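Enquirer: Sharing a structure with you now.
Since every read-out is calculated from the coordinates, none of them should be taken as a lab result. No experiment lies behind these values; they were computed from the predicted model shown. So basically every Cβ, Gly included, is an ideal-geometry build from the backbone, and we count neighbours across all protein chains shown.
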Amino acid sequence: MTETPTASSGAGAALWRFVKEIVIILVVALGLSFLVRTFVVQAFYVPSQSMENTLMPNDRILASKLSTRFGGVDRGQIVVFRDPGNWLDDAQKRSPGGLPGLFEWIGLLPSNTGDDLVKRVIGVGGDHVRCCSTDGRIVLNGVPLTEPYVKPGGTSDDVRFDVMVPQGSLFVMGDNRNASADSRYHLNDNQGTVPLDNVVGRVVLTVWPFSAFSTHPVPAVPFDDPRLDDQQK
């Protein structure tokens, strides 16, 4: 005797198929999010006031990994990089757990571990960077820089230095010069420079708050000056 499927069993089978489809969609979406975070672009919180007024504390930013992987890193770019060694103290670092930590790892939430820093690249490998000119400006390859991105009222001559940037390294500074513990404050460790291998990505967008939505191209002033490519000064 053959049993006839009941309406309830048919509905149960349909529900089960629906649940399986949702699970598959979620798994695929999470997998794609992880791949994008790992290889393409990653979201971060701005951790401090060191990049004001370009980036404000707790802004959400996107860092492109493809541009640095295939195009390298240039002067004037804003980059996220891993702590090259003792730039951050333990109190600034955190190990997120639970769902927030999982979502950060997958890429559904901006990274906020405290292990990453964000600064502007002033010098690349082979550049001569020193502080300062007679009027208090950073001098790059013999050219005193006019820096419109520096926070108004900020000064760059808190620390005097004269650095030849090693190949494969970067000299970085915050736009809020008086509140940025950047390369100037780590001159005893590889002349304050950051290894290129520590760069996570180039900051391309501020995405939140929406009122601050903006792109972050390399400033034409001062970085389009052809004299900066004369690295013998």
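Enquirer: Would you pull out the residues with amide H under 5 Å of VAL200's amide H, same chain only if 5 or more places away, H placed 1.01 Å from N?
Expert: Answer set, sorted by chain and number: VAL80, PHE81, ARG82.
Enquirer: Select from TYR185, ASN198, GLY142 the residue farthest towards the positive end of the dipole of region 40-229; place +1 on Cβ of Lys and Arg, -1 on Cβ of Asp and Glu, and compute about the Cα centre.
Expert: ASN198
Enquirer: So, one more: Could you work out how far the C-alpha centroid of region 129-163 sits from that of region 186-204, in angstrom?
Expert: 19 Å
Enquirer: Excluding residues on the same chain fewer than 8 positions from LYS65, give the aspartates and glutamates whose Cα lies under 13 Å from its Cα.
Expert: Within reach: ASP197.
Enquirer: Next up: Where a Cα-Cα gap under 19 Å defines reach, which aspartates and glutamates qualify for LYS151, not counting those fewer than 8 residues away within the same chain?
Expert: GLU52, ASP59, ASP135, ASP175, ASP182
Enquirer: Sequence-distant or interchain residues sharing an amide H contact under 5 Å with TRP208, placed H: which?
Expert: Answer set, sorted by chain and number: ARG60.
Enquirer: Taking the highest mean first, how do the peptides 166-175, 134-143 order by number of other beta carbon atoms within 10 angstrom per residue? Walk me through the numbers on the way to the answer.
Expert: Numbers: 166-175: 21.3, 134-143: 15.8.
Per-residue mean Cβ counts within 10 Å order the peptides as 166-175, 134-143.
Enquirer: Quick one: which of 210-219, 154-163, 188-197, 121-130 comes out on top by average Cβ neighbours within 10 Å, and what's the full order, highest first?
Expert: Per-residue Cβ counts within 10 Å, averaged per peptide and sorted highest first, yield 121-130, 188-197, 154-163, 210-219.
Enquirer: Something else about it: In whole Hz, what ³J(HN,Hα) sequence does region 168-178 give by Karplus (6.51, -1.76, 1.60; θ = phi - 60°), x for Gly and Pro?
Expert: Here the 3J(HN,Hα) series is x, 9, 9, 9, 10, 9, x, 6, 8, 4, 8 Hz.
Enquirer: Just the ratio, please: alpha-carbon radius of gyration of region 40-229 over 2.2 N^0.38 Å, N its number of residues.
Expert: Values: Rg = 16.1 Å, N = 190, 2.2 N^0.38 = 16.2 Å.
Ratio of Cα Rg to 2.2 N^0.38 Å: 1.00.
Enquirer: Roughly how many nanometres apart are two label points built 7 Å out from the Cα toward the Cβ at LEU205 and SER67?
Expert: The modelled label-to-label distance comes out at 1.2 nm.
Enquirer: Another one. Can you give me the distance in nm between label points at VAL159 and ARG17, each placed 7 Å from the Cα along the Cα-to-Cβ direction?
Expert: Going by the 7 Å Cα→Cβ label model, 6.5 nm.
Enquirer: Sticking with this one: Using the Cα centre of region 40-229 as the reference point, and only Cβ charges (+1 on K/R, -1 on D/E), how large is the resulting charge dipole? Debye, rounded to the nearest 20. Intermediate values should be presented prior to the final figure.
Expert: Details: 17 positive and 22 negative charges, 53 e Å.
Value, rounded to 20: 260 debye.
Enquirer: Then there is this: How much length is gained if the chain between ASN53 and THR215 is pulled fully straight, taking 0.36 nm per residue apart and subtracting their Cα-Cα distance, in nm to one decimal? Intermediate values should be presented prior to the final figure.
Expert: On the way: separation 162, 0.36 × 162 = 58.32 nm, distance 1.37 nm.
That works out to 56.9 nm of additional length.
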